[in-house]
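The values are calculated or read from the model by the stated rules, or taken from the named source; none is laboratory data. Only a predicted model underlies this, so the values are computations on that prediction, with no experimental measurement involved. Glycine also receives a Cβ, built like all others from the backbone with ideal geometry; neighbour counts cover every protein chain displayed.
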Amino acid sequence: MRPFAYERATSVQDALERHSDGAVYLGGGTNLVDLMRLGVEEPARLVDVAHLPHDQIELRPDGSLVIGAAVSNSALAADRTVREGHPMLAQAVLAGASGQVRNLATVAGNLLQRTRCPYFQDASKPCNKRDPGSGCPAREGEHHNLAIMGHSPECVATHPSDMAVALAALGASIRIQGRAGERTIPIDELHRLPENEPERDTTLEPGDLITAVEVPPLGMPSRYRKVRERASFAFALVSVAAALDVDDGVVRDVRLALGGVAHKPWRAWHTEDALRGAEMTGESFQRAAEVELGVAEPLRDNAYKVPLVRNLIVRTLTELAERGAS
Amino acid sequence: MTDRVEGREKVTGQAKYAFEYPAEDVAYAAAVQASVGKGEVAAVDTEAALRLPGVLAVLFWENAPKLGEVSDGELALFQSPKVSYRGQFVAAVVGETLETAREAARLLHIEYTEETPDVRLRADHPGLYKPAKVNPVFPADTEQGEPEDAFRDSAVRVDVTYTTPAEHNNPMEPHTTLAQWNDDGTLTLYDSNQGASTVQATVAKLFGLDPAQVRVVSPHVGGGFGSKGTPRPNVVLAAMAARAVGRPVKFAVPRQQMFATTGYRTPTIQRLRLGADEDGRLNAIVHEVFEQTSTVREFAEQTATPTRVMYQAPHRRTSHRLVRLDVPSPSWMRAPGETPGMYALESAMDELAIAAGIDPIELRVRNDTDREPESGLPFSSRNLVACLREGADRFGWAGRDPAPGVRREGRKLIGTGVAASTYPAYMPPNKATARAEPDGTFTVRIAAADIGTGARTALTLIAAEALKADLDQVRVEIGDSSFPKASVAGGSGGTAGWGTAVVRACEALRGMLNGSVPPEGLEASADTAEEIRAREKYARHAFGAQFAEVEVDADTGEVRVRRMLGVFAAGRIINPKTARSQFIGGMTMGIGMALMEESVMDAEFGGYLNRDLAQYHVPACADVRDIDATWVEESDPHLNPMGSKGIGEIGLVGAAAAVGNAVHHATGVRVRDLPITPARLLDDF
Amino acid sequence: MDMPIYAEITLVVNGTGHRLSVDTRASLLDVLREDLGLTGSKKGCDHGQCGACTVLLDGRRANGCLALAVAHDGAEVVTVEGLAKDGRLSPLQEAFIEHDAFQCGYCTPGQLCSATGMLDEAEQGWPSAVTGDLGADTVLDDEEIRERMSGNLCRCGAYAGIVAAVRQAAQRREAAGT
């Protein structure tokens, strides 16, 4: 690991000022330290933002939440208001990593964790994300757990977060403090598709600091379901975050996002559109799922994810419908 | 039901493992791995690394000391510029701190001449050859009768091919050595291994020393599962580095580097042909195995050997073909041979049961035999049928509907499966001493290893019994090459081999005791080589039966093992408490083999792609639900003074087949390529 | 050339304060093991994937290998060496011996620290991935124990004993009303 300077930011302004070339913000460190030890990340300076006063979860009168960026994953999942108002968010967080990792990891760090593509993590091999222009061996190599949607010739990586999938389904917004001031963007505009710049996971500019995540009220049953080979402590093959509001056998409202399929948490807008006003039946769920999967372009060894996602969407919506109807 | 004698040390953090011994002025080593799949080191630029403050030395082929010849080419560390596989150690750096050593290793700039590596095992590889023998000393091929004709003429036939992937042992403690050269030219190694005597002998040869000049200390070892059964490059690297800098040096192989340098189980391709009459009596068994070795050393996994032991059939053939690939050297992994071989045989037996319309337990009973089929030797004891019957009772097998894919609980498909287990009862020669101390206690010494097996506890029980003493009067000291020479913790032969030497030493001591013990104590020693040479000819094997119940998610293909039961016949069980843990531990590894363990070869660059515990999944706590192991009483006078067979490996043998057979019963899908993942199941749903 | 950078920190480990100069790159785990000689905490993977390094960091279980020591200046740490009090084993340590919840022992310190932290989490009503009703109180059945202990890998496969030991310690704790 390359030597680095360590500085503890005392305020947001202080953090921004300390963040110069070669600096990286440090939250819990659960992915950053891991990548530094692999030689994938080589910051000259760490600016520790884990101690900034962004460690609260605020429930606003309308039922929306403001989650501080430094809230630990564990605290987020244990929070009563989250569990009651946004259960799929708590479930998604609990589906990720392990108890001891979640105690260290922060909300912003979880959003900004990087792909677990095996080529990205091996600094001795080409990877366009790690070393732009060096090539993407995964496209023709080992990719059974990589993207089926939105990938590019340059990159077929997936985003590994569970929490971000739930936040995508919830239509969360990300509050960012940048050099030009504060702004808030939809989570859908935080993570990006690889296109020809796979080295950029997000739309953040240098120095940008995530300070909070805003989550609108939900008001309908929701669920996060993750598929993995090992029963726990494993990244998703695929996952789905879903919320469903049914009324008299008809879908009134729905939220759906997919994990493990793309370079970003995949909001299934097409499925949602197809479902609103549709009958609450397995057939209509399946048809709606197929609409989204119509854009899938599976690679040689990951076509299994297409039926897996379809089955998972139908299953999760069916369970939510049964719960809503009972 | 004796608690582990070192239990308190282990739960309080006082048990010391190799990296943890205090050493004055210790330095740290870090290794550099080849970043090409095949070729040569063309140039090593050490400047940047050496300029780093605190860097003490850089070692690579040009400046490394010449080592003595040993049979394992993986130990010829830095002896030539040749790169035989991606990830091979090509250089090492020694630094004042861990951080410095690792950073210097990263700064070492190495240029290579590069060739295209040949890394893919296939059954039609032109380089396949018949090895002179398979491990340890079995013929590569055997044949009796007319297997091809007999198979063709059989009423019921199964002709199927199974594959198992490369699997990595992944003990929780990495391969570690703390090396210290003493002023008198002797070498002390605190080392993580399965046999201090073996490490001592090998290191002495490598460094041109007399074995007495090398002391290996390893009282606690954080697992091995075969991967520490022979010395690995870590011990050579640490000793070489310590000599270069004139200080003690510590080196623990980082988890990522273990995937290339510390061994793994070869992938296998296995074609099984079983021919039987309408009643399921086997007429022909043909088991053909294709597997890999490296260009550095030959390692010939004895995959088809259990098929020579298991079932009667007048016509039979087994064969092994190897191909030398540009890959890390495969090596020992728990129940080598039996584990992949019995997965294939016991899966094929399940397919035969279905083809013949016979209950899979009944099929195995009908093909039981009291003589080892190929050697013709009588079994010293064989209680496979008793294990199957006992297990069927306990598991609730009676009344099982054989129809696949018909039991549902909500969206879950439920199924059960059975498979047999076997493992040879080896008994290697050993030496031991037993001392009577003037305070009335006894000290027993042998250079055995407890890698988590419970060996220290079992040997204490064995010694106490032989001495007719209380447990707390007996202290067994192991894990030190200065103790009498011992075989490795491997081949499930520890308790039998070490235990016999301990019994004989204790018996000799009892013969010397008459009343008081002199102030200097009394000591007796034993060597079992002669006793073992004189043993009668028997086929000695442990057997078992494994049962699994699985649930398979009909939408996602996720498989979870709900219940698992193993019933074993392994001679006398010395300590039920630790024995049960051994059996269950093996079965747990079998769950991993069945459902998640797979090392993926990088077809483009060479080397294994998944190289950490997030990408190579071993079972987690949540994967192991209701699991139990038990045994049938077995009295066998032809074994050893304890009447024991080995128990360390058989728990893994057959476990994956039981799970796979249960998955078929649940879903109707036969996945013949391990592991059984959602991707492989969904293809056929 | 990047020179190592050192920082002064304090750590309170098992109740004892230490003032240390650490390389900014050093993990809490390496500082415990190499600088303080507390080798009970183990290094199995150095990447947060095995849990052998689990310690209690400011009262919560955490992977010592992922925690940079410099980022935890002033922290209170409890390691496996601090679980027994005055030579008396904790109920979890006793239960691990009784149920043979380990074989090689290398993952054991992490399992024990993890279970210690986990029992506190459960007592505070934290849910897990297998908690059916997120609004309900935590009932620490076997399925919950298995899920909550899944961050600690054991290659020897001692999980059955680990679950039995944790269950026993949880029940005794509940019975004692602590």
Given (1) in contact with a strand residue (DSSP E or B) (Cβ under 6 Å, 6 or more places away or on another chain); (2) within 14 Å of chain B (Cβ to nearest Cβ); (3) assigned to a helix (DSSP H, G or I); (4) closer than 21 Å to A:ASN73 by Cβ, number of the condition C:ALA71 does not satisfy: (2)
Considering residues that are under 21 Å from B:LEU345 (Cβ atoms), part of a strand (DSSP E or B) and of a type outside the set (Phe, Trp, Tyr), the number found within the stretch B:147-176 is 10
May I ask you to list the residues in the stretch A:277-314 that are in contact with a Ser or Thr (Cβ under 8 Å, 6 or more places away or on another chain) and either outside any helix (DSSP H, G or I) or over 19 Å from A:ASP248 (Cβ atoms) (or both)? A:ALA278, A:ALA289, A:VAL291, A:GLU292, A:LEU308, A:ASN311, A:LEU312, A:ILE313
Can you report the number of residues in the stretch C:36-57 which are more than 10 Å from chain B (Cβ to nearest Cβ) and closer than 23 Å to B:LYS250 by Cα? 3
For the list (1) closer than 28 Å to B:ALA603 by Cβ; (2) of a type outside the set (Ser, Thr, Tyr); (3) in contact with a strand residue (DSSP E or B) (Cβ under 7 Å, 6 or more places away or on another chain); (4) buried (at least 23 other Cβ atoms within 10 Å of the Cβ), I need the number of the one condition that B:ALA30 fails. (1)
If I go through the stretch C:85-130 residue by residue, how many of them are small (Gly, Ala, Ser), without any contact (Cβ under 8 Å) to a residue 24 or more places away in the chain and surrounded by 19 or more Cβ atoms within 10 Å (Cβ to Cβ)? 3
Matching residues in the stretch B:17-48 - criterion: being in a loop (DSSP other than H, G, I, E, B) and either more than 30 Å from B:LEU461 (Cβ to Cβ) or at the interface with chain C (Cβ under 7 Å from one of its Cβ atoms) (or both): B:TYR17, B:PRO22, B:ALA23, B:GLU24, B:ASP25, B:VAL26, B:ALA34, B:SER35, B:VAL36, B:GLY37, B:LYS38, B:THR46
Being among the hydroxyl-bearing types (Ser, Thr, Tyr) and within 14 Å of chain B (Cβ to nearest Cβ) is the filter here, so list the residues in the stretch A:279-319 that pass it. A:TYR304, A:THR316, A:THR318
Strands (runs of 3 or more DSSP E) wholly inside the stretch B:267-334 that include at least 2 residues being under 19 Å from the mean Cα position of the chain (by Cα): B:282-294
If you go through the stretch A:203-241, how many residues are within 11 Å of another protein chain (Cβ to nearest Cβ), touching a Ser or Thr at 6+ places or on another chain (Cβ under 8 Å) and either within 20 Å of A:GLY85 (Cβ to Cβ) or of a type outside the set (A, V, I, L, M, F, W, C) (or both)? 7
Among the residues of the stretch B:1-15, the number that are more than 7 Å from every other protein chain (Cβ to nearest Cβ) and in a loop (DSSP other than H, G, I, E, B) is 5
Please verify whether B:MET596 is more than 21 Å from B:LEU471 (Cα to Cα), touching a Phe, Trp or Tyr at 6+ places or on another chain (Cβ under 9 Å), surrounded by fewer than 24 Cβ atoms within 10 Å (Cβ to Cβ) and within 14 Å of another protein chain (Cβ to nearest Cβ), treating the condition exactly as stated. yes
Would you be able to tell me the number of residues in the stretch B:635-668 that are of a type in the set (Ser, Thr, Tyr) and surrounded by fewer than 23 Cβ atoms within 10 Å (Cβ to Cβ)? 1
For the stretch A:167-186, name all the residues that are of a type outside the set (Lys, Arg), assigned to a strand (DSSP E or B) and surrounded by 16 or more Cβ atoms within 10 Å (Cβ to Cβ). A:SER173, A:ILE174, A:ILE176, A:GLN177
Please give the helices (runs of 4 or more DSSP H) falling wholly within the stretch B:572-685 in which 2 or more residues are closer than 19 Å to C:ASP100 by Cβ. B:576-595
Keeping to the stretch B:49-96, report how many residues are outside any loop (DSSP other than H, G, I, E, B) and either in contact with a Phe, Trp or Tyr (Cβ under 9 Å, 6 or more places away or on another chain) or surrounded by 15 or more Cβ atoms within 10 Å (Cβ to Cβ) (or both). 20
Kindly indicate whether any position in the stretch A:35-55 is without any contact (Cβ under 8 Å) to a residue 12 or more places away in the chain and either touching a Phe, Trp or Tyr at 6+ places or on another chain (Cβ under 8 Å) or of a type in the set (D, E, K, R) (or both). no
Per the filter on the stretch B:66-85, residues of a type outside the set (Val, Ile, Thr) and either in contact with an Asp or Glu (Cβ under 7 Å, 6 or more places away or on another chain) or not assigned by TED's automatic domain parsing to the domain that holds B:THR202 (or both) are B:PRO81, B:LYS82, B:SER84, B:TYR85
Would the stretch A:51-69 turn up any residue that is at the interface with chain C (Cβ under 10 Å from one of its Cβ atoms) and under 27 Å from C:VAL55 (Cα atoms)? yes
Verdict on A:LYS129 being away from chain B (no Cβ under 14 Å) and in contact with a Pro (Cβ under 7 Å, 6 or more places away or on another chain): yes
For A:ARG276, all conditions in the list (1) of a type in the set (Lys, Arg); (2) surrounded by fewer than 24 Cβ atoms within 10 Å (Cβ to Cβ); (3) within 14 Å of chain C (Cβ to nearest Cβ) hold save one; what is the number of the exception? (3)
Just to be sure before I move on: is C:GLY135 in a loop (DSSP other than H, G, I, E, B), surrounded by fewer than 20 Cβ atoms within 10 Å (Cβ to Cβ), at the interface with chain A (Cβ under 8 Å from one of its Cβ atoms) and at pLDDT 95 or above in the structure I sent? no
Among the residues of the stretch C:82-103, the number that are under 14 Å from the mean Cα position of the chain (by Cα) and closer than 24 Å to B:CYS621 by Cα is 4
